[in-house]
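Heads up: the structure comes next, in C-alpha cells.
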Amino acid sequence: MGNLLLLHGTMVTVDHERRIIEDSALAIQGDRIVDIGTADELQQRHTDKQVIDCRGKLIIPGLIDAHGHAGHALIRSIAADTNSMWMKVVTPTYYHYVTRDYWYADGLVSGIERLCAGVTTSASIITSMPRADDPVFAINHARAYSEIGLREVICVGPSGLPWPHPVTRWETGSPERRHVSFDEMIEGSEAVIEALDGSAQGRIKVFLTPFTIVPSVEPSNASTPDQAVRLTENDRLQARRIRETARKWGVRLHSDAFAGQIRMAFQDKENALLGPDIHLQHCWGISHEEIDILAETGTHVTHAPPGRSTPIMEMMSKGIRVAITTDGAAPSRHFDMLQTARLAQFTQHLLHNHDRYLLPPGKVFEMITIDAARAIGMEHEIGSLEVGKKADIAIIDMRKPHLMPMWMPVHRLVHQALGSDVDMVIVDGNVLMEGGQVRTVDVDAAISFGQAEALALAARAGLEAHMHDPGWGRLLRTFDEPVLPPHPPCADPGSRASRHTPGDVHSSCINYQSPCCQ
C-alpha cells in the first residue's frame, strides 16, 4: 500500500472546516491519510515518502456515486428513443438473457469508466430491478471492481411483484426457465452477503436492496392517493423479512421510493424501510407529509438529475441529507459525477425561476463527496480528506484551457471540470490511475470483452429491434410498428427453447400470460 507524499497541489478537503489549501501537501501511509498541511510543513516531516508533484493540479476526495445499476454499461442507448417502453425492454432482458460472464464484463467496463472519472466508491444494483436468484452475478461484478481496486457496494434483494418471479438461467448454454420464490430471493441475497461483504480488504460491501419499499403500488413512478391507501400482506412480508435479514447480517439497506410509498411504509413503523440505515433513491413527487416522515426517521435520500419532481430543496431545508447520483449509465447517462452534479444544479435553477443563488457550488460538491458518504454510512472513512480517513483521492489536471483561470477551485470543479480531466486516482493508498492511464487492468482487453458480451446479449434477446435509426431530418421521432419488449425464451411445441422476437404473435403466450411464459 501507499507510502506517498502529494505536494504542491491545491487541496479541497471537504473537512469540518471546509479548508482549501494552496501549495498543499498530503501524506499517505498504508491505506490512510496520516498528515495534511502545506508543502513546506510536510516536506520536512515525511522525507521517507515517495513524492508526487501536483503542481497545477487539484487534490479532492474520491467521488462517490451512491446509486447506479449494474448491467447498464453494456446496454446503454438500447430503447433510448422509447422512454415509455425502456423499463419494459431492459427488465426482461436482464431477467431472461444475461449470462454470468456478462456481469464480469459489465463490472470491468463500468468500473474503468468510473475510475477514469475519479469515482472511487459506487453502489451497483444487480440489474434494473434487483435479481438475486444467482449469486454469481453479483460475485462476478464485484470481482471486476476488486481487480480494478475500487470500492463497490453490491445491492441485491427481492424483485418487484409478482412472487414467485420468472427468470431464465444460461449456465448450460441453453435457456432454462424457472420461477423464483420470495424466500429464494432472500436466500440468494444472503449468499451474496456471505460471499462478498467485507471482501477485497473491506472495499466490497453488500446492501440489502428490495426494488421499492412498497411493492404493491407503482414500481417506478408516483402513486396517487387513491392507489397508495394501505399496506398489503406482501408489503408487510417484504418489510419484515428485509429488516430481519439486515439485522441478521448487520448490513445497510437501499431501495427506490416514489410518492405514496413513504406514507404507506410508515404505517408499519416497526418494520418500515425507513431510517438512518437506509438511503432511498428518487422520491419523485413526494408530499410535504412524506418529507416530514423522512426527516423524522433520519432517512437518507439520493437523487439523480434531472428528476424535476424530486423536491430536493424542500427536503434539505428540513435537514434531510441528499446526495447526487448517476442512476447508472443507461439509457443515455454516464458515470461522470462532475457533469451529473452540474446537471442537478442547473435543473434546480430552472425549477426556481432561474435562481442562481440555489445550490451553490460548495453544496453541490458536498453532495457527491461527504453527503454521499453519509448516505451509505461511510462518512467516518471516506468523503473528505482528513487525517485518519482512507486514502481515497482524485487529482485533477487544471492546466487545461477550459479550466482557466486557476482560481475559485470549487467553482471550476462544479461549473467546468469533466471526468476526463482526472489525472490520478488513489484508493486505499494504491495508485490505480496515473497520467490518465489505468494501472491495474488491461483497458483494451476489458473493452473488447465488454463489446463481445454486449453483442451476444443483443443477439440472444433480439435487441436489434430496439436499435432505431437516429431520425435524420425529422422534428419528431415516429415508429412504423408498435415497439414491444423482448419476449422471454419459451418452449414451443417441437422446440426445447425457442425465442420469440418482438413483433411475433403467439396466441399461446402473448403478454407473457401462458404457462410457457410464466
_Given the condition within 22 Å of Asp428 (Cβ to Cβ) and of a type in the set (Lys, Arg), answer yes or no: does some residue in the range 365-375 qualify?_
yes
*Given the residues Pro306, Pro361, which is the only one that is under 25 Å from Val90 (Cβ atoms) and either surrounded by fewer than 22 Cβ atoms within 10 Å (Cβ to Cβ) or in contact with a Pro (Cβ under 9 Å, 6 or more places away or on another chain) (or both)?*
Pro306
*Any pair with Cβ under 8 angstrom, 6 or more apart, that starts in the range 239-264 at a residue that is in the same structural domain as Pro219 (by TED's automatic domain parsing) and modelled with pLDDT under 95 and ends at one that is among the β-branched types (Val, Ile, Thr) and surrounded by fewer than 19 Cβ atoms within 10 Å (Cβ to Cβ)*: none
*For the range 256-282, which residues satisfy the criterion of being in a strand (DSSP E or B) and touching a Phe, Trp or Tyr at 6+ places or on another chain (Cβ under 7 Å)?*
Asp256, Phe258, His282
*strands (runs of 3 or more DSSP E) (entirely within the range 1-75) containing at least 3 residues that are over 30 Å from the mean Cα position of the chain (by Cα) and touching a residue at least 12 places away in the same chain (Cβ under 8 Å)*: 2-12, 20-30, 32-38, 50-53
*Scan the range 172-182 and give yes if some residue there is aliphatic (A, V, I, L, M), surrounded by 16 or more Cβ atoms within 10 Å (Cβ to Cβ) and farther than 20 Å from Leu280 by Cα, otherwise no.*
yes
*Quick one: Ile382 ticks every box in (1) among the β-branched types (Val, Ile, Thr); (2) under 18 Å from Leu7 (Cα atoms); (3) assigned to a loop (DSSP other than H, G, I, E, B) except a single one, so which number is it?*
(2)
*Among all residue pairs at least 6 apart or on different chains, which show Cβ distances below 7 Å where the first residue, located in the range 375-389, is among the polar types (S, T, N, Q) and the second is part of a loop (DSSP other than H, G, I, E, B)?*
Ser384/Thr13; Ser384/Val14; Ser384/Asp15; Ser384/Thr369
*From the list Pro210, Pro215, which one is crowded, with 24+ Cβ neighbours inside 10 Å, on the phi < 0 side of the Ramachandran plot, within 21 Å of the chain's Cα centre (by Cα) and assigned by TED's automatic domain parsing to the domain that holds Ser128?*
Pro210
_Neighbours by Cβ (under 9 Å, 6+ apart or cross-chain): first from the range 85-110, free of Cβ contacts under 8 Å to residues at least 60 places away in the same chain and not assigned by TED's automatic domain parsing to the domain that holds Ile126; second assigned to a helix (DSSP H, G or I) and buried (at least 23 other Cβ atoms within 10 Å of the Cβ)_ = none
_Here are the criteria: (1) farther than 18 Å from Val109 by Cβ; (2) of a type in the set (Asp, Glu); (3) surrounded by 14 or more Cβ atoms within 10 Å (Cβ to Cβ). Tell me which single one Glu481 does not satisfy._
(3)
*Within the range 93-119, work out how many residues are touching a helix residue (DSSP H, G or I) at 6+ places or on another chain (Cβ under 8 Å) and either among the charged types (D, E, K, R) or over 25 Å from Ser448 (Cβ atoms) (or both).*
5
*Inspect the range 229-244 for any residue being part of a loop (DSSP other than H, G, I, E, B), within 22 Å of the chain's Cα centre (by Cα) and crowded, with 19+ Cβ neighbours inside 10 Å and give the result as yes or no.*
no
*Just a yes or no: is a residue in the range 235-242 under 17 Å from His67 (Cα atoms) and of a type in the set (S, T, N, Q)?*
no
*Can you work out which of the residues in the range 192-207 that are part of a loop (DSSP other than H, G, I, E, B) and in contact with an Asp or Glu (Cβ under 9 Å, 6 or more places away or on another chain) is surrounded by the most Cβ atoms within 10 Å (Cβ to Cβ)?*
Arg203
*Being under 25 Å from Ser174 (Cβ atoms) and of a type in the set (A, V, I, L, M, F, W, C) is the filter; apply it to the range 468-499 and report the residue that is modelled with the highest pLDDT.*
Leu484
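Listed here are the residues, each with its yes/no results for (1) over 30 Å from Pro401 (Cα atoms); (2) more than 16 Å from the chain's Cα centre (by Cα); (3) in a loop (DSSP other than H, G, I, E, B); (4) among the acidic types (Asp, Glu).
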{"residue": "Ile78", "(1), (2), (3), (4)": "yes, yes, yes, no"}
{"residue": "Tyr94", "(1), (2), (3), (4)": "yes, yes, no, no"}
{"residue": "Gly107", "(1), (2), (3), (4)": "yes, no, no, no"}
{"residue": "Ile112", "(1), (2), (3), (4)": "no, no, no, no"}
*Verdict on Val167 being out of contact with any helix residue (DSSP H, G or I) (no Cβ under 7 Å at 6 or more places or on another chain), buried (at least 19 other Cβ atoms within 10 Å of the Cβ) and part of a strand (DSSP E or B)*: no
*Is it fair to say Ser124 is free of Cβ contacts under 8 Å to residues at least 60 places away in the same chain, among the small types (Gly, Ala, Ser) and assigned to a strand (DSSP E or B)?*
yes
*Taking Gly68 and the conditions (1) surrounded by fewer than 22 Cβ atoms within 10 Å (Cβ to Cβ); (2) touching a Ser or Thr at 6+ places or on another chain (Cβ under 6 Å); (3) not hydrophobic (A, V, I, L, M, F, W, C), which numbered condition does it fall short on, given that it satisfies the others?*
(1)
*Go through the range 404-423 and give me each residue that's more than 13 Å from Ile60 (Cβ to Cβ) and assigned to a helix (DSSP H, G or I).*
His411, His415, Ser420
_Subset of the range 309-332 (residues that are farther than 23 Å from Leu294 by Cβ and surrounded by fewer than 21 Cβ atoms within 10 Å (Cβ to Cβ))_ = Pro331, Ser332
*Filtering the range 284-342 down to residues that are free of Cβ contacts under 8 Å to residues at least 40 places away in the same chain and in contact with a Phe, Trp or Tyr (Cβ under 7 Å, 6 or more places away or on another chain), which residue is farthest from Ala117 (Cα to Cα)?*
Ile293
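The values are calculated or read from the model by the stated rules, or taken from the named source; none is laboratory data. Bear in mind the structure is a predicted one, so any value in this text is a computation, not a measurement. Here Cβ is always computed from backbone atoms with ideal geometry, including for glycine, and neighbour counts include all displayed protein chains.
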